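Shown next, in structure tokens, is the structure this report addresses.
The values are calculated or read from the model by the stated rules, or taken from the named source; none is laboratory data. All values derive from a computational prediction rather than experimental measurement. Using ideal geometry, Cβ is built from the backbone for each residue, glycine included, and neighbour counts are taken over all protein chains shown. Quick note on the areas: whole protein, heavy atoms, side chains included, nothing else; ligands and nucleic acids left out. Shrake-Rupley method; radii C 1.70, N 1.55, O 1.52, S 1.80 Å.
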Amino acid sequence: MRVRINGEVEEIPDNSSVEDVLTARKLLRGAVVIELNGEIVKRDRWAGLRLNSDDNLELIRMIGGG
Amino acid sequence: MTFYDEIVRLGGMDLAGFLERVTPSHVTNVLAKSDLQSQDFLALLSPQAAPFLEDMAQAAHRLTLQHFGRTILLYTPLYLSNYCVNQCVYCGFNATNTIERRKLTLAEVELEAKAIAETGLQHLLILTGESRQHSPISYIRDCVSVLRRYFSSISIEIYPLSADEYADLIAAGVDGLTIYQEAYEEKVYSLLHPKGPKRDYRFRLEAPERGGQAGIRAINIGPLLGLHEWRSEVFKAGVHAAYLQNRFPDIEISVSFPRMRPQFGDYRPGFPVSDRDLVQSILALRLFLPRAGITISTRERKELRDNLVKLGVTKMSAGSSTAIGGHTDARDSIGQFEISDRRSVDEMRRGIAHLGYKPILKDWHDLGREGKKVCQTTPIS
Amino acid sequence: MDDKLVIAGRQVTSRLFIGTGKFADYSLIPQVIKAAKAQVVTVALRRVDFDNPGENMLDYLPKDVIIMPNTSGARSAAEAVRIARIARETGCGDWVKIEVISDQKYLLPDNFETIIAIEILAKEGFVVLPYMSPDLMAAKRMVDAGAAAIMPLGAPIGTNRGIKTRELVQILISEIDLPVIVDAGIGRPSEAAEAMEMGAAAVLVNTAIATAENPVLMAKAFGQAVEAGRGAYLAGPGATRHFAEASSPLTGFLRREEKVGQ
């Protein structure tokens, strides 16, 4: 199915969870915050929350800033 | 949070101890600063600051010129009624005093207005004793609607009101609120006000901020000098003015320094304030609050008032009578207190001009509600 | 001497706040923090760049720092609120530096949108430190909206031009009861000291340290300058006399009258 991740349309396996997307990109859990369709998804829901087609996912992290 | 909380906090501080510990170098340090904190103000009121009076005067003179130019605003009081239910031990209108009680009819108010307006004055201060029976809000409102045809600015010096009542009078044309706490020290206040609604120290103390909330343009506060130790009283009045300036940045805040004058009755001030003390008070306040108005009434004699013009004073009363109907009635009725400076408005105007200052008769014109803010976002509380 | 900086009830050990942007290498950051003796450290939030994931910023921050994410990138109150909520989700605390910039030419903050964002975030329990243009009425509204400190700019971000807004910042220091922290524009330690001598509660420095030839040495210099400036402020100005002896005394009448017998 197609979802939008950080503004880019991506093809991911049907029934993927939020956690699966992170794992596929080898992202460290601790550093990332996730918004799904504009709502923050708490960390403890990542594994259980299944994505739907056309979902909009934002993966955000801390960087240096002033 | 109101100013009462601040008074409670100040009550817990050792002001006398602080005043004792001030050193001359502390005073010179304060004089070198451009932005004074309240403890700096207190240092300038200390006995140790007295030798620096001339330095303080030069600095106060400079600051006053910078903020106000060479101007003195003139106003006059109009006593509407002397009915009073309070028993302030120091006041000629004390309910237990057997004086003739009267209040002006609206026709008499108009006659007084015409007589005052003929002198050129445009700023009026109306006063009553405290009697919701004889001088209720409705009476004051009616008087104001007569007076506003003659004057550009009308201030009230009456019993303390609720915010809604202030709003009512503001809508009728009142733009200034004068209310003196008399004694900031609550224990002293209780002794001086044994009976009547004025016993409520807190309701009176918070009256200026209720007026501010109601949208008044100008507020004038002060201690009645002579009732208690002047250093702490002037200090608290100054901190009160700073509080009001901070909370209501758009309101013109002034401080008066009324000294007890002989009046009908046998009260004599327990804490006399000398000319030197009065001058130190005015100078310290000017250095603490450079843009605050400072008011001196005709309670003070001509020679002293002339000398105070250069020391920070910005407003003076002129052609005053503290008796009911005193602007038109030649009869010698009994006033609230005795006048010292008996010059006419004309003589005052010439006298101020002679000192190199400009007497101001009008610095405010009410355009109705047109000037009200159109854009309200987060209100400043 | 008892001189503590307290923000939202928390005691802060250093009056030098450090920004972590523009460093060539994250590994410099812990050395910079240590050399500056800083405690409050700002960070930013961005989308993960999958092509260039880089390192985890948090790995470089000592455990005892207070992390203050900023809302850089926000052009409106709504965007700032959204970024602040995301920031809190990282689990690094409740502090947030509100930064709303809709002007892309001078990068000057939008006080109006900032006030709205403060009001929303303060109600949600954030410790809100707004970056702002030094305007007294805006600052008062920020205080009322629930800000924990006020952070006026000394000069536009990243310009290293010093405290060009000196007069206006001085007014905020005099009139605002919250800590006033000079943020942006400070290019040299002498300017940091100047801000502290004026009575600023702290300064926030990023570009001047990050772009120095030797950022760690510069961080140390800033730390010393901030301490020196604070010390000078506490010591109080020397009593220089602004006024000469009066040629015509204003209080002479008091002596005359006293002789007459009062």
Worksheet, complete the sentence: Between chains C and B, the summed loss of accessible surface on complex formation, probed at 1.4 Å and reported to the nearest 100 square angstrom, is 2600
Practice prompt. Using all C-alpha to C-alpha distances in segment A:2-61, build P(r) with 5 Å bins and read off the rounded percent in each one.
Written response: 4, 19, 36, 29, 11, 1
Worksheet item: At a probe radius of 1.4 Å, what is the per-residue accessible area of C:ARG82, in Å² to the nearest 10?
Response: 110
Worksheet item: If you take the beta carbon distance between B:GLU338 and C:ARG75 as r and set R0 to 60 Å, what does 1/(1 + (r/R0)^6) give as a FRET efficiency, to the nearest 0.05?
Response: 0.35
Discussion item. Can you give me the solvent accessible area of C:SER72 with a 1.4 Å probe, rounded to the nearest 10 Å²?
Written reply: 20
Practice prompt. Considering only protein heavy atoms, with the full assembly of protein chains and a 1.4 angstrom probe, order C:GLU191, C:GLU227 by accessible area, largest first.
Written response: C:GLU227, C:GLU191
Worksheet item: Hey, which aspartates and glutamates would be in cross-link range of C:LYS220, C-alpha to C-alpha under 15 Å, not counting anything within fewer than 8 residues on its own chain?
Response: C:GLU191
Worksheet item: What is the local net charge at C:LEU204, summed over the other residues whose Cβ is closer than 12 Å to its Cβ (Lys, Arg +1; Asp, Glu -1)?
Response: 0
Worksheet item: For segment C:193-238, what is the largest minus smallest coordinate of the Cα atoms on each principal axis, given in angstrom and ordered from greatest to least?
Response: 36, 15, 12
Worksheet item: According to a simple spin-label model (label point 7 Å from Cα along Cα-to-Cβ), what is the distance in nm between C:ASP64 and B:SER274?
Response: 5.8
Worksheet entry | Set of aspartates and glutamates with alpha-carbon distance to B:LYS33 below 17 Å, sequence-local pairs under 8 removed | B:GLU54, B:ASP55, C:GLU167, C:GLU175, C:GLU194, C:GLU197
Worksheet entry | Cβ neighbours within 10 Å from other chains - mean over C:39-49 | 5
Worksheet item: What share of the DSSP beta bridges in chain B is antiparallel, in percent to the nearest 5?
Response: 5
Fill in: chain B, helix-only ellipticity at 222 nm - DSSP H runs n ≥ 4, -39,500 (n - 2.57), divided by all residues, nearest 500
-11500 deg cm²/dmol
Practice prompt. For B:ASP14, B:ASP164, give the ranking by accessible area with the largest first, probe 1.4 Å.
Written response: B:ASP164, B:ASP14
Discussion item. Give me the one-decimal nm value for the distance between modelled label points at B:ASP346 and A:ARG25, 7 Å along each residue's Cα-to-Cβ direction.
Written reply: 9.0
Worksheet entry | Proximal lysines relative to B:LYS198, as straight alpha-carbon distance under 26 Å, when same-chain residues fewer than 8 apart are discounted | B:LYS103, B:LYS187, B:LYS236
Worksheet item: Given 10 Å bins starting at zero, what is the percent of C-alpha pairs of the protein assembly as shown in each, up to the one with the largest pair distance?
Response: 3, 13, 20, 19, 16, 12, 9, 6, 3, 1, 0
Fill in: By average C-beta atoms within 10 angstrom, highest first, the peptides B:352-365, B:121-134
B:121-134, B:352-365
Fill in: Calculated on alpha-carbon atoms, Rg and Dmax of chain B in Å
19.9, 60
Item to complete: Enter the buried accessible area of the A/C pair, total of both sides, probe 1.4 Å, in Å² rounded to the nearest 100.
Response: 2400
Practice prompt. Mind giving me the nanometre distance, one decimal, between the label points for B:MET13 and B:SER25, set 7 Å out from Cα along Cα→Cβ?
Written response: 2.3
Discussion item. Given axes a ≥ b ≥ c from the Cα gyration tensor, I'd like to know whether segment B:264-329 is rounded (a/c under 1.5), prolate (a/b larger than b/c) or oblate.
Written reply: oblate
Response to the item:
Taking 0.36 nm per residue of separation between B:LEU106 and B:GLU186 and subtracting their Cα-Cα distance, the length gained on full extension comes to 25.0 nm
Item to complete: Show C:PHE50, B:PHE248 ordered by accessible area, largest first, where the area counts protein heavy atoms only and the probe is 1.4 Å.
Response: C:PHE50, B:PHE248
Worksheet item: Structure shown: which of C:LYS37/C:LYS123; C:LYS22/C:LYS97; B:LYS362/C:LYS140 lie over 21 Å apart, alpha-carbon to alpha-carbon?
Response: C:LYS37/C:LYS123; B:LYS362/C:LYS140
Worksheet entry | Protein accessible area in chain A, 1.4 Å probe - carbon and sulfur % | 46
Discussion item. Need one number: % antiparallel among DSSP beta bridges in segment C:14-164, to the nearest 5.
Written reply: 5
Fill in: Normalised contact order of chain A, rounded percent, pairs of Cα under 8 Å and 6 or more residues apart
45
Discussion item. Could you tell me how far the Cα centroid of segment C:116-155 sits from the Cα centroid of segment C:25-80, in Å?
Written reply: 21
Worksheet, complete the sentence: With the 1.4 Å probe rolled over protein heavy atoms, the protein assembly as shown has an accessible area per residue in Å² of 43
Worksheet item: Considering only protein heavy atoms, what is the solvent-accessible area of B:SER34 at a probe of 1.4 Å, reported in Å² to the nearest 10?
Response: 120
Worksheet, complete the sentence: If each K or R counts +1 and each D or E counts -1, the residues other than C:ILE18 whose Cβ falls under 15 Å of its Cβ total +3
Item to complete: Calculate one ³J(HN,Hα) per residue across segment B:85-96 by plugging θ = phi - 60° into the Karplus curve 6.51 cos²θ - 1.76 cosθ + 1.60, and present them in order as whole Hz with x for glycine and proline.
Response: 9, 8, 10, 4, 5, 9, 10, x, 8, 2, 4, 7
Worksheet item: Where the accessible area of chain B is counted over protein heavy atoms with a 1.4 Å probe, how much of it, in %, is carbon and sulfur?
Response: 52
